[in-house]
Amino acid sequence: MPSSIDRLYEFLPAGAIIADAESLQVYECDALSAYRELPRCVVLPDSIKQVQEIMRFCHAEKIPVVARGAGTGLSGGALPVTNGVILSLAKFDRILEIDPYQRIARVQPGVRNLSVSEAVAPYDLFYAPDPSSQIACTIGGNVAENSGGVHCLKYGLTVHNIAALKIVTIEGELLDIGSHALDAPGYDLLALMTGSEGMLAVIVEITLKLLPKPVHNQILLAAYDSVEKAGNGVAAIIAAGIIPAGLEMMDNAGIRAVEAYVNAGYPVEAAAILLCEIDGVPEEVNVESHKVQQILLHSGATNVRMAKNSAEGEKFWAGRKAAFPAVGRIAADYYCMDGTIPRKHIAEVLRRISDLSRQFGLGVVNVFHAGDGNLHPLILYDVSVPGELKKAEDFGGKILEVCVQFGGTITGEHGVGIEKINQMCIQFNPEELLQFHAIKHAFDTDHLLNPGKAVPTLKRCAEFGAMHVHAGQLPFPELERF
């Protein structure tokens, strides 16, 4: 290795540095495995002080740094940078404090999402954001991507469920962001950091907001003979003023894949199903559940089943959470997209996706958070067939363009990373992109933190052809090299 990297051994033990080519392959990609790159080395600090020393060193040597959690990301956000360092936070895996009176938990970024709710369950509390990958994904990654989950409709995304952060800047400075109080003075840097995809700082501690466990809940499963009717059912529930704890949708291809995988009790003949969860006190849940049942039937549902008990309700949800691995059993590969749309356009957007599926000659399975319009189309392809990966990527890009056309966004919770960087040129105009670059520059002048991700240069947008930028100039010339 170059002598500059050898200097890491001055403040890190030998076991905290991975540099041999074979071991580095573990870190060559995240869950979006279509893109691969080997880092220069991987460092595994076990203290904030070590993180600070690593950052100071990389800043002085102008070495790019990519922070990494569990690697479950789906946008290439943790993809290594050539000649860069992967800063793994795997050893930051402790729950530091649980305060049931303030209803907060302080955790390190490597703590798994599901571990938090398991740890606070004895206090009748839970942590609301619950991505499908919650058994493996980490809280630090959840903050970096502003993750959601099946219960985000009622309880919000990660940004709504954290109170404070400790971050380390590229210069190695330790900063406290946010507050244990209901509000913090000054600019809302907590919201800025949430969803910043590792481009502004490295998160080393998170204070989470905890919520009381609902006293009671009721799960409903509605079957439809058309995807359009199911989409209209979603809109009808929200229009009635009812905010379910979760409201999920799955098309027939997803239903069949899941049922074959986990036997969740889904009706395999249905064109689409809705899963709806109502929670609260028993009296409220009973009244709202029957209201929802009537709304679903009126919207065209062929059948609406209420879970007979908690075990059946858990089976319904287990099927939804197993959707991604279930689809993995029916296709050689799949490409998971992540766009959002206004709920009222669900039916029309799904029709457009179906048209694109025929146009590109690739199958698609639709599984998504219907309540907040967060689509997760899974494009089926075979990487061993020449040209199919490129075709899947182009198909995915068109889906995101459709989302923007209908007033939505190119990502709901998976982030931009490298996967959607071209579609950023469609989502935002040149002036807005310049502001993104200015914020990045303010925190990371040399652009060493996760460079080349999330925010495209205007030059790239001009080359992509998605906006009228002729010889677009960036605010800082040094940005041209990314």
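The values are calculated or read from the model by the stated rules, or taken from the named source; none is laboratory data. What you are looking at is a predicted structure, and each value in this text was computed from that prediction instead of being measured. Here Cβ is always computed from backbone atoms with ideal geometry, including for glycine, and neighbour counts include all displayed protein chains. These area figures cover heavy atoms from the full protein model, side chains too; ligands, DNA and RNA do not enter into them. Shrake-Rupley method; radii C 1.70, N 1.55, O 1.52, S 1.80 Å.
For the reader, a short list of remarks on this structure follows.
- Only one entry in Leu378, Leu400 is part of a strand (DSSP E or B), open to solvent by less than 20 Å² (accessible area, probe 1.4 Å) and not charged (D, E, K, R), namely Leu378.
- Being charged (D, E, K, R) and either open to solvent by less than 20 Å² (accessible area, probe 1.4 Å) or at pLDDT 95 or above (or both) is a property that Lys420 has.
- Residues in region 345-366 that are more than 23 Å from the chain's Cα centre (by Cα) and part of a helix (DSSP H, G or I): Ala347, Glu348, Arg351, Arg352, Ser354, Asp355, Leu356, Ser357, Arg358, Gln359, Phe360.
- Which listed residue, of Gly140, Gly149, is more than 30 Å from Val234 (Cα to Cα) and touching a Gly at 6+ places or on another chain (Cβ under 9 Å): Gly140
- Where strands (runs of 3 or more DSSP E) fall wholly inside region 236-335, the ranges with 3 or more residues that are crowded, with 21+ Cβ neighbours inside 10 Å are 246-251, 272-280.
- Taking first residues from region 1-30 that are over 16 Å from Ser88 (Cβ atoms) and partners that are open to solvent by 30 Å² or more (accessible area, probe 1.4 Å) and small (Gly, Ala, Ser), the Cβ contacts under 6 Å between residues at least 6 apart in sequence or on separate chains come to Met1/Ala19.
- Only one of Ser117, Ser132 that is in a loop (DSSP other than H, G, I, E, B), of a type in the set (Ser, Thr, Tyr) and in contact with a strand residue (DSSP E or B) (Cβ under 9 Å, 6 or more places away or on another chain): Ser132
- Residue check for Thr445: surrounded by fewer than 21 Cβ atoms within 10 Å (Cβ to Cβ) and in contact with a Cys (Cβ under 9 Å, 6 or more places away or on another chain): no
- Condition check for Lys391: in contact with a strand residue (DSSP E or B) (Cβ under 8 Å, 6 or more places away or on another chain) and modelled with pLDDT of 95 or more: yes
Every residue, every condition in (1) surrounded by 22 or more Cβ atoms within 10 Å (Cβ to Cβ); (2) part of a helix (DSSP H, G or I), yes or no:
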{"residue": "Asn142", "(1), (2)": "yes, yes"}
{"residue": "Lys154", "(1), (2)": "no, yes"}
{"residue": "Gly172", "(1), (2)": "no, no"}
{"residue": "Ala181", "(1), (2)": "no, no"}
{"residue": "Leu192", "(1), (2)": "no, yes"}
{"residue": "Ile206", "(1), (2)": "yes, no"}
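- Lone unmet requirement of (1) of a type outside the set (A, V, I, L, M, F, W, C); (2) under 23 Å from the mean Cα position of the chain (by Cα); (3) open to solvent by 10 Å² or more (accessible area, probe 1.4 Å) for Pro122: (2)
- Hey, Gly172 out of contact with any Gly (no Cβ under 8 Å at 6 or more places or on another chain) and touching a residue at least 40 places away in the same chain (Cβ under 8 Å) or not: yes
- Residue count for region 429-460, restricted to those that are part of a loop (DSSP other than H, G, I, E, B) and within 22 Å of Val143 (Cβ to Cβ): 9
- The residues of region 225-262 that are among the polar types (S, T, N, Q) and without any contact (Cβ under 8 Å) to a residue 40 or more places away in the chain amount to a single one, Asn252.
- Qualifying residue in region 87-98 (condition: under 30 Å from Ala19 (Cβ atoms), open to solvent by 30 Å² or more (accessible area, probe 1.4 Å), of a type in the set (A, V, I, L, M) and out of contact with any Phe, Trp or Tyr (no Cβ under 6 Å at 6 or more places or on another chain)): yes
- Members of region 22-80 that are part of a loop (DSSP other than H, G, I, E, B), within 16 Å of Glu10 (Cα to Cα) and open to solvent by less than 40 Å² (accessible area, probe 1.4 Å): Leu44, Pro45, Ser47
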